[in-house]
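The values are calculated or read from the model by the stated rules, or taken from the named source; none is laboratory data. Worth saying up front: this structure is predicted, and the values here are computed from it rather than measured. Ideal geometry is used to build each Cβ from the backbone, glycine not excepted, and the neighbour counts take in all protein chains shown.
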Amino acid sequence: MSQTSTFQIRTEEAPRLPAPVSTTGLIGWMRQNLFSSAGNTILTIFGILLAYSIFAPLIQFALIDAVWSGDNRDACVVPDGSTETVGACWAFVKAYFPQFIYGRYPTEEIYRVNIVYAMFAGLLIPMAIPSVPFKKLNAVLLLIVFPIIAYYLLTGLVIGSDVILPIVETPFWGGLLVTLVIAVTGITASLPLGILFALGRRSDMPIVKLVSVIFIEFWRGVPLITVLFMSSVMLPLFLPEGVTFDRLLRVLIGVTLFSAAYMAEVVRGGLQAIPKGQYEGAMALGLRFWPMMGLIILPQALKLVIPGIVNTFIGLFKDTTLVMIVGMFDLLGQIQTSTSDPNWASPTTGVTGYLFAAMIFFCFCFGMSRYSIFIEKKLHTGHKR
Amino acid sequence: MTTRDTEVAQPEARTSLINDPQARAIFFQVLLVAVLVFAGYVIVTNTVANLQRQNIASGYGFLENIAGFGISLTLIDYSETSSYGRAILVGLLNTVLVAVVGVVLASTLGFIIGVARLSKNWVISKLAYCYVEAIRNVPLLLQIVFWYFLLLNAVPSARNSMEAFGSVFLNNRGLFMPKPVFGPEAVLALGALIVAVVASIVIKIWASRRQMATGQQFPSGLTALGLIVLLPLAGLVVTGFPVTFDYPVLKGFNFVGGQRLIPEMIALITALSIYTSSFIAEIVRAGIQAVSHGQTEAAHALGLRHGPTLRLVIIPQAMRVIIPPLTSQYLNLTKNSSLAVAIAFPDLVSLGGTVLNQTGQAIEVISIWMLVYLSLSLITSAFMNWYNQKMALVER
């Protein structure tokens, strides 16, 4: 068989060469993404210059030139004749920090607010992590027990003539406390209300449908600020003589109704996306309206619209700043009033305050949106390929 | 078969009224109406009693009274002796002005950022991502007061104004720029402009008809651009340039002459358009990504170059996805312009609030606000629905 071989067949593979340096690793990546053509190179250089011109002054202002400690404005003001530049006045934020978090809540009672914050975090975090057990108990504690305890802790408790917890009127509340109270109450109250109006809008009963449509379109058509004016100026006129509402409660009602209308439209989108077969299947199983909705339709519909619901939450959280205009001191309102304190008046105080507010709002909103993406992926049980 | 028929006819007898869906539906609706009517009755009687106690006359008669306050930005004639109604009209026009300028700026910026977000260039797309996330996670009100604060405090005073082209000045009194003043002969140029616009529309219709019939294309866009630029220019040349510019001049502590944009307006429009543009950018990105890549490949296979592929294939399909959410962003911008009240820009809500404080006519003023914003919303959404229908996929 193998006497003479006039040609040679290679039986072993030649050693594999590494890919050219210019196509792999950092250089390859840069060639592909940054310098693939002349136009792209110009764009890259432009982008880097733009980024430098934005971030370099920002870092210079917020970190390098910043003033970190001091007792009053002298720390943040450039002394006469000096050429040094002064950046962010973080000492001001440090001095005012308790006010930004608690408002004018009496100092000796602040532990109550801290308990509420701790309880809220302690119940929300296990609720938000999918693998933690006892979800039902957790939900009951968070949605029913916590609001009652928090209400008495924050406002105070007097039984008969015994003062168990001294009353703290809501005008003394402020800062992050007010922001969180409005946002959390608005979020928890607007979701069920929104579901109700979404179901009403898709109802077969003409009057229920008409009422829902008018409600939804009315609130969606007007700006929140007019709703807040309405709740602070017009609502007292609607009540019988002698009955007064707390201002915070009036604002809460306005915010809740407003975001319930937006929530209703989001939920309606989800309801419309559920195929008719699901309704018919549920009815064929003998389920009535509420079991059908609660067990079959809403779990699927709400899952579909999680991004929309979280977007509405984020919108609501940002909109809480508007209560500043009707004279309440939320985080932004508190910061804005404190920047006019003559003790701390300096050219950078105001900007520092706004930067601090922006950072806090950014953390909350960005956190919520990241969490919604995480949950969306987790609940993605495979309808799409 | 006959036994089955009788069975079908029977079941009504077994349903009691409580379990009959129709009876229940009627019952619930009657209950709802009763509750609503009762609530309405209570509210109206309480309101009437409260108003009587506070001695406030209801009705819109107060709109005729003299307002007595000045307004820093008016598009129509207004003085302190004008009526409250006139003041509210000034506010309405200012709201519309801010909304229109804001929509244009926000759309332009939003489309640029949205496309940049999809760029293959890593630096550009990451920059766009940072922009979108940083802007849309910070409340609009915070951004408005921030820009206003910067304009009042960080911008130099009139004597040390920032200057561009020797005739545009930015200082803490606002933005000053030359104002064109047209002589009476400029009517010819205006007429030429109108003729050019009409001619462009006619050419566009003719060109698309001819393309449908023969397949031949006609550069109608270029022609329209040429007509709209050249005809009025020719009109100006013929009449010997009847345009003079009124330049802002520093006199004492402030500028006189020229066109002045008040700081409130600059802050409001900047904040509104930056904020809304971050949302529009996301809409544009999602819209472009919604067009499947097969469309691009098919267009390339047909021999279209990159530009025409984008213009004729991708963007028309992306617009279908983009328009509905874009509409709601435009509406949001219009409604958000009411935040002007925080920096005292004289818009509808801000001036209405002043009127409310002076007259105490809460119900009337708030009803005017609601009516105006509701109708603005309905008009915008009606227009955008019409446009959406025109752009929508025409299926067999």
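Among (1) modelled with pLDDT of 85 or more; (2) more than 30 Å from A:Thr337 (Cα to Cα), which single condition is A:Ala121 missing?
(2)
Can you confirm whether segment B:319-329 contains a residue that is at the interface with chain A (Cβ under 10 Å from one of its Cβ atoms), within 30 Å of B:Leu89 (Cβ to Cβ) and not acidic (Asp, Glu)?
Taking every residue of segment B:319-329 in turn, at least one turns out to be at the interface with chain A (Cβ under 10 Å from one of its Cβ atoms), within 30 Å of B:Leu89 (Cβ to Cβ) and not acidic (Asp, Glu).
Do we find a residue being within 11 Å of chain A (Cβ to nearest Cβ), within 22 Å of the chain's Cα centre (by Cα) and modelled with pLDDT under 90 anywhere in segment B:380-389?
Yes, there is a match, as at least one residue in segment B:380-389 is within 11 Å of chain A (Cβ to nearest Cβ), within 22 Å of the chain's Cα centre (by Cα) and modelled with pLDDT under 90.
Report whether or not A:Gln334 is crowded, with 19+ Cβ neighbours inside 10 Å, touching a residue at least 24 places away in the same chain (Cβ under 8 Å) and away from chain B (no Cβ under 11 Å).
So A:Gln334 fits the description; yes.
When segment A:262-277 is examined, which residues are found to be in a helix (DSSP H, G or I) and either within 29 Å of A:Asp319 (Cβ to Cβ) or in contact with a helix residue (DSSP H, G or I) (Cβ under 6 Å, 6 or more places away or on another chain) (or both)?
Once the filter is applied, which keeps residues that are in a helix (DSSP H, G or I) and either within 29 Å of A:Asp319 (Cβ to Cβ) or in contact with a helix residue (DSSP H, G or I) (Cβ under 6 Å, 6 or more places away or on another chain) (or both), segment A:262-277 yields A:Tyr262, A:Met263, A:Ala264, A:Glu265, A:Val266, A:Val267, A:Arg268, A:Gly269, A:Gly270, A:Leu271, A:Gln272, A:Ala273.
Tell me, which residue of segment B:38-59 that is among the hydroxyl-bearing types (Ser, Thr, Tyr) and facing another protein chain (nearest Cβ under 10 Å) is surrounded by the fewest Cβ atoms within 10 Å (Cβ to Cβ)?
Out of the qualifying residues, it is B:Thr45.
Residue-wise test of (1) β-branched (Val, Ile, Thr); (2) within 13 Å of chain B (Cβ to nearest Cβ).
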site	(1), (2)
A:Asp330	no, yes
A:Thr339	yes, yes
A:Tyr354	no, yes
A:Phe361	no, yes
A:Met368	no, yes
A:Leu379	no, no
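Can you tell me which residue among B:Ala39, B:Ala49 is at pLDDT 90 or above and outside any loop (DSSP other than H, G, I, E, B)?
Every option except B:Ala39 fails the conditions.
Output yes when any residue across segment A:234-244 is in contact with a Pro (Cβ under 9 Å, 6 or more places away or on another chain), more than 14 Å from chain B (Cβ to nearest Cβ) and closer than 27 Å to B:Ile366 by Cβ, and no when none is.
No - not one qualifying residue is present in segment A:234-244.
Filter segment B:349-359 for residues that are touching a helix residue (DSSP H, G or I) at 6+ places or on another chain (Cβ under 9 Å) and more than 9 Å from chain A (Cβ to nearest Cβ); which is surrounded by the most Cβ atoms within 10 Å (Cβ to Cβ)?
Of everything passing the filter in segment B:349-359, B:Leu351 is surrounded by the most Cβ atoms within 10 Å (Cβ to Cβ).
Cβ-Cβ distance below 8 Å, separation of 6 or more or different chains: which pairs start in segment B:16-29 with a residue that is free of Cβ contacts under 8 Å to residues at least 24 places away in the same chain and at the interface with chain A (Cβ under 10 Å from one of its Cβ atoms) and end on one that is hydrophobic (A, V, I, L, M, F, W, C) and loosely packed, with under 13 Cβ neighbours inside 10 Å?
B:Arg24/B:Ile18
Give the residues of segment A:190-217 that are assigned to a helix (DSSP H, G or I) and facing another protein chain (nearest Cβ under 7 Å), sorted by residue number.
Once the filter is applied, which keeps residues that are assigned to a helix (DSSP H, G or I) and facing another protein chain (nearest Cβ under 7 Å), segment A:190-217 yields A:Ile207, A:Val208, A:Val211.
List every residue pair whose Cβ atoms sit under 6 Å apart, with the two residues 6 or more apart in sequence or on different chains, where the first one lies in segment B:370-394 and is of a type in the set (Gly, Ala, Ser) and the second, anywhere, is at pLDDT below 80 and part of a helix (DSSP H, G or I).
none
Out of A:Phe35, A:Phe46, A:Phe7, A:Phe55, report the one residue that is closer than 21 Å to B:Ala116 by Cβ, assigned to a loop (DSSP other than H, G, I, E, B) and of a type outside the set (Gly, Ala, Ser).
Checking each option against the conditions leaves just A:Phe35.
When both residues are 6+ apart or on different chains and their Cβ atoms are under 7 Å apart, which pairs have a first residue that lies in segment A:30-59 and is more than 9 Å from chain B (Cβ to nearest Cβ), and a second that is surrounded by 13 or more Cβ atoms within 10 Å (Cβ to Cβ) and part of a helix (DSSP H, G or I)?
A:Phe35/A:Thr41; A:Phe35/A:Thr44
Is it the case that A:Phe92 is at negative phi, surrounded by 12 or more Cβ atoms within 10 Å (Cβ to Cβ) and either out of contact with any Gly (no Cβ under 8 Å at 6 or more places or on another chain) or within 11 Å of chain B (Cβ to nearest Cβ) (or both)?
no
Closer than 30 Å to A:Leu180 by Cα and more than 30 Å from the chain's Cα centre (by Cα), is that true of A:Ser22?
No, not satisfied.
Among the listed residues A:Leu257, A:Leu224, A:Leu252, A:Leu239, which satisfies the condition of being buried (at least 21 other Cβ atoms within 10 Å of the Cβ) and assigned by TED's automatic domain parsing to the domain that holds A:Phe364?
A:Leu224 is the lone residue from the list that is buried (at least 21 other Cβ atoms within 10 Å of the Cβ) and assigned by TED's automatic domain parsing to the domain that holds A:Phe364.
For segment B:261-303, what are the residues that are surrounded by fewer than 14 Cβ atoms within 10 Å (Cβ to Cβ) and aliphatic (A, V, I, L, M)?
B:Ala290, B:Ala298, B:Ala301, B:Leu302 - these are the residues of segment B:261-303 that are surrounded by fewer than 14 Cβ atoms within 10 Å (Cβ to Cβ) and aliphatic (A, V, I, L, M).
Kindly indicate whether A:Thr320 is assigned by TED's automatic domain parsing to the domain that holds A:Arg202 and surrounded by fewer than 16 Cβ atoms within 10 Å (Cβ to Cβ).
Considered against the rule, which asks whether it is assigned by TED's automatic domain parsing to the domain that holds A:Arg202 and surrounded by fewer than 16 Cβ atoms within 10 Å (Cβ to Cβ), A:Thr320 comes out as no.
Only residues that are buried (at least 20 other Cβ atoms within 10 Å of the Cβ) and of a type in the set (Lys, Arg): list them for segment A:260-296, please.
The one that is buried (at least 20 other Cβ atoms within 10 Å of the Cβ) and of a type in the set (Lys, Arg): A:Arg268.
Just to verify a result, which residue in segment B:367-376, among those that are surrounded by fewer than 20 Cβ atoms within 10 Å (Cβ to Cβ) and either within 8 Å of another protein chain (Cβ to nearest Cβ) or touching a Phe, Trp or Tyr at 6+ places or on another chain (Cβ under 6 Å) (or both), is nearest to B:Asn332 (Cα to Cα)?
B:Leu374
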